[in-house]
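The values are calculated or read from the model by the stated rules, or taken from the named source; none is laboratory data. Only a predicted model underlies this, so the values are computations on that prediction, with no experimental measurement involved. Ideal geometry is used to build each Cβ from the backbone, glycine not excepted, and the neighbour counts take in all protein chains shown. Each accessible area value is taken on the protein alone, full model and side chains, heavy atoms only, with ligands, DNA and RNA left out. Shrake-Rupley method; radii C 1.70, N 1.55, O 1.52, S 1.80 Å.
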Amino acid sequence: MAEYWNVSPGFEDAITRYFTDVPEAEVTLESAIPEKDFNSAGRGSAEVKNLLKRLGVDNDILRRVAVAAYEAEINVAAHSIGGKMTSHIYDDMIHIKFEDRGPGIADIDQAMIPGFSTADELVREFGFGAGLGLPNILRNADALHIVSAKNCPTLVELIIYFTPI
Amino acid sequence: MPDAGGTDHLFHTDMNDEKKQYFHALQILADNCTGCTACVKVCPTEAIRVRDRKASIDPNRCIDCGNCVSICQFHAIIPRSDSLETLNKFKYRVAIISSSYFGQFTEDISYAVAKQALLELGFDEAAEEAMVTDFMIKIIRDYIRANRDKRPILSSNCPAVVRLIQVKYPALLPNLFHLEAPMSILTRYLREKIREEKQLNEDEIGIFLIVPCVAHVTAVHQPEGVYKHLQDGAFSIGMIYGKVRELIKKVQNNPVEIDTYPKGLTWALSGVQAELVDCEDIRALSVNGIENVMDILSRVEDHYLDQYDYIVLRSCTNGCVGGCLNVENPFVAMSRIQKMIKEGEEQIIDIHNLEELYHDGEFAVAPLTARPIMELDKDIKTAIKKMKKINEFLTMLPGLNCSACGSPTCYALAEDIVLGKATIDDCLVLLKRHSKEED
Ligand code: SF4
Ligand code: SF4
């Protein structure tokens with residue numbers, strides 16, 4: 001299995017602490033992401049967005065979460081045979097995990113290059129798969145972690161803090 | 001359209017007397033309300049609750065979209081507009097007409113006659129939104145080109161949409177087109193012009209809008225982001241319709257030469273407006289109907305519509321022809337207006353005065369403020385506590401979303417309970433289940 005990590009400068013300590021302690025989330029949301037179901041893809045991130053609005057999270061942060069979560073959710077719907085999205089919400093950050101059942105990313109580093117896309121015909125017809133997925137998530141997340149390999153399930157998880165460190 | 005337009009149901013008051021915070025041009029007549037909850041279910045911002053079998057509207061949440069007015073079968077939600085008597089306060093009275101007005105009459109009644117009838121109603125001058133359509137398209141394009149970093153730019157002409165963004169999508173406030181809407185641009189221009197030409201004082205000139213919706217009435221009395229005094233009142237098309245029909249009969253026999261601007265009537269149709277703005281370097285999208293608008297705004301939040309430079313957003317079906325204070329069906333009105341546009345002649349309008357005002361920055365709008373309604377608490381820790389409580393109550397509720405409690409959904413009731421606005425006993429289904437268990 002290949003692994004990819006990116007942590008924005010300044011967040012290293014907080015991220016290490018988080019993954020060591022694994023604190024219990026205040027609120028957890030879960031939603032299934034069915035394969036190639038573009039009608040319901042996006043529901044999970046919409047739910048997260050509504051929750052963050054209720055918590056009064058800052059507008060800029062909200063938009064970053066919206067972009068990253070939606071992008072990642074569509075990615076799972078478009079490229080995998082289905083999976084799920086789990087959001088852990090704390091009073092200072094959100095941790096969202098996307099787990100699918102494969103077929104995996106053959107070359108993660110390549111997938112991180114803007115414009116690179118393996119989207120098949122059906123996906124392109126829907127207007128998704130422009131190859132903006134992962135780089136867009138990277139740009140909006142304070143931490144991004146990907147674990148995958150060809151013919152394996154993929155884990156994409158991201159963290160966004162509510163206040164700058 | 002429901003007969004909210006029938007003059008009998010209209011409640012005339014001088015609304016200038018009661019300016020409060022978050023004024024709304026809607027009133028619930030408790031005597032007529034049966035507590036049926038139809039309005040509760042259609043409110044896009046969940047602003048309405050029925051308690052003790054009577055509906056009430058939360059002024060902080062209401063965006064004046066008019067959904068509730070259209071759905072209430074008992075004429076319990078009354079749109080208000082100014083009384084025509086207000087005209088008497090002014091020496092010189094001007095009507096500024098929403099383009100949708102011209103779609104309200106059968107095809108034997110011409111644009112010119114419909115306009116002449118309005119003058120007969122008691123105005124010294126009538127101007128149409130349609131006059132400035134070309135100018136608007138130009139400044140919208142300028143604005144888009146100057147603000148590429150904020151794409152997509154969202155149209156700000158529909159006051160219901162602007163308020164929707166303030167309360168539910170505040171992250172998108174910077175994307176709003178921050179210049180005045182056509183009727184307000186005309187107001188500024190005409191006030192200046194008439195003052196000079198007729199040698200009148202500011203307070204001798206009364207400028208009134210003829211509007212298709214509650215949102216515009218509210219906007220006149222409580223404008224957002226304006227720097228200067230705008231209009232003096234608003235009359236709804238539905239309210240004046242009866243009188244206008246009679247006047248039309250009269251003027252049909254004595255038609256006078258009158259300027260018309262059929263090519264500009266596009267403003268009432270959201271689709272056509274988008275087509276006009278669309279050009280080589282600007283992609284425009286048109287969206288109408290409040291549910292569709294919410295769906296699109298959510299996608300804009302996700303940055304998923306960044307391929308568009310401009311989005312025309314209208315709360316009502318087909319645009320302003322669908323406004324709840326019109327009398328004609330939105331599709332019929334649209335077809336009539338399209339016919340007028342197609343058959344009408346181009347009218348050259350001298351806009352150099354408008355251009356000057358525009359270059360002097362006269363049409364700028366102050367940045368709009370967010371009025372978030374979803375926030376449970378200013379403090380995130382407290383908000384989380386409340387959220388957890390809401391979830392607890394939610395698991396106790398039956399999940400039928402039947403609105404019998406008077407809140408729109410089970411979630412909304414759970415939220416109302418936690419915010420101290422309801423109790424779990426408001427759930428009739430639970431009450432029934434409990435009483436059965438006791439038997
Ligand atoms: S629709 Fe609303 S205002 Fe009208 S009767 Fe029913 S509850 Fe009352
Ligand atoms: S679409 Fe037009 S008629 Fe409808 S609420 Fe908006 S401004 Fe009013």
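Brief remarks follow.
- A Cβ-based charge dipole, computed about the Cα centre of the protein assembly as shown with Lys and Arg at +1 and Asp and Glu at -1, lands at about 1060 debye.
- Rounded accessible area per residue of region B:75-189, 1.4 Å, Å²: 27 Å²
- Note on chain B: helix-only mean residue ellipticity at 222 nm, from DSSP H runs of 4+ residues weighted -39500 (n - 2.57) and normalised by residue number, equals -11500 deg cm²/dmol.
- Across B:385/B:436; B:41/B:432; B:198/B:243, pairs whose alpha-carbon gap is larger than 25 Å: B:385/B:436; B:198/B:243
- Residues whose amide H comes within less than 5 Å of that of residue B:49, counting only those at least five positions distant or on another chain, are B:56, B:58 (H built at 1.01 Å from N in the peptide plane).
- Ranking of B:426, B:350 by solvent-accessible surface, largest first: B:350, B:426 (1.4 Å probe, protein heavy atoms only, all chains present).
- With kT/(6 pi eta Rh) evaluated at 37 °C and eta = 0.692 mPa s, and Rh the Kirkwood radius from Cα pairs, chain B diffuses with a coefficient of 142 µm²/s according to Stokes-Einstein.
- Shielding of B:74-87 by partner chains, average beta-carbon count, 10 Å: 0
- For the residues of B:300-312, the average number of beta carbons from a partner chain within 10 Å of their own beta carbon is 4.
- Burial of accessible area (probe 1.4 Å, heavy atoms of protein chains only) in region A:43-58, relative to its chain alone, reaches at least 40 Å² for A:49, A:53, A:54, A:55.
- Proximal lysines relative to residue B:263, as straight alpha-carbon distance under 17 Å, when same-chain residues fewer than 8 apart are discounted: B:115, B:138, B:339, B:342
- Ranked by how many other beta carbons lie within 10 Å on average, peptides B:130-142, B:372-384, B:177-189 from highest: B:177-189, B:130-142, B:372-384
- Net charge of Cβ neighbours under 15 Å - reference residue B:386; Lys, Arg +1; Asp, Glu -1: 0
- Heavy atoms of residue A:27: accessible area, 1.4 Å probe, square angstrom to 10: 10 Å²
- Anchor residue B:91: aspartates and glutamates whose Cα lies under 19 Å away (excluding residues fewer than 8 positions away in-chain): B:14, B:82, B:120, B:124, B:125, B:192, B:196, B:197, B:202, B:203, B:204, B:232
- Summing charges over neighbours of residue A:100, with a neighbour being any other residue whose Cβ is under 10 Å away from its Cβ, gives 0 when K and R count +1 and D and E count -1.
- Whichever lysines have a C-alpha closer than 20 Å to that of residue B:389, once near sequence neighbours (fewer than 8 apart) are set aside: A:49, A:53, B:378, B:381, B:421
- For the pair A and B, the buried accessible area comes to roughly 2300 Å² in total, with a 1.4 Å probe and the value rounded to the nearest 100.
- Ellipticity at 222 nm from helices only: DSSP H runs of n ≥ 4 in chain A, each -39500 (n - 2.57), divided by the residue count, give -10500 deg cm²/dmol.
- In this structure chain A gives 46 Å² per residue of accessible area when probed at 1.4 Å with all protein chains present.
- Accessible area of region B:240-375 belonging to carbon and sulfur atoms, whole % at 1.4 Å probe: 48 percent
- Cα-centred dipole magnitude for chain B, charges only on beta-carbon of K, R (+1) and D, E (-1), debye, nearest 20: 1300 debye
- Among B:332, B:310, B:296 the positive-end extreme of the charge dipole of region B:279-336 (Cβ point charges): B:332
- Shape call, region B:252-292: gyration tensor on alpha carbons, a/c limit 1.5: oblate
- Shape call, chain A: gyration tensor on alpha carbons, a/c limit 1.5: prolate
- Taking the 1.4 Å solvent-accessible surface of region A:1-104 as the whole, the part contributed by carbon and sulfur is 45%.
- Across peptide B:374-380, the mean count of Cβ atoms from other chains lying within 10 Å of each residue's own Cβ comes to 5.
- Cα gyration tensor shape of region B:53-194, rounded if a/c is under 1.5, else prolate or oblate by comparing a/b with b/c: oblate
- For region B:82-190, the fraction of 1.4 Å probe accessible surface lying on carbon and sulfur atoms is 49 percent.
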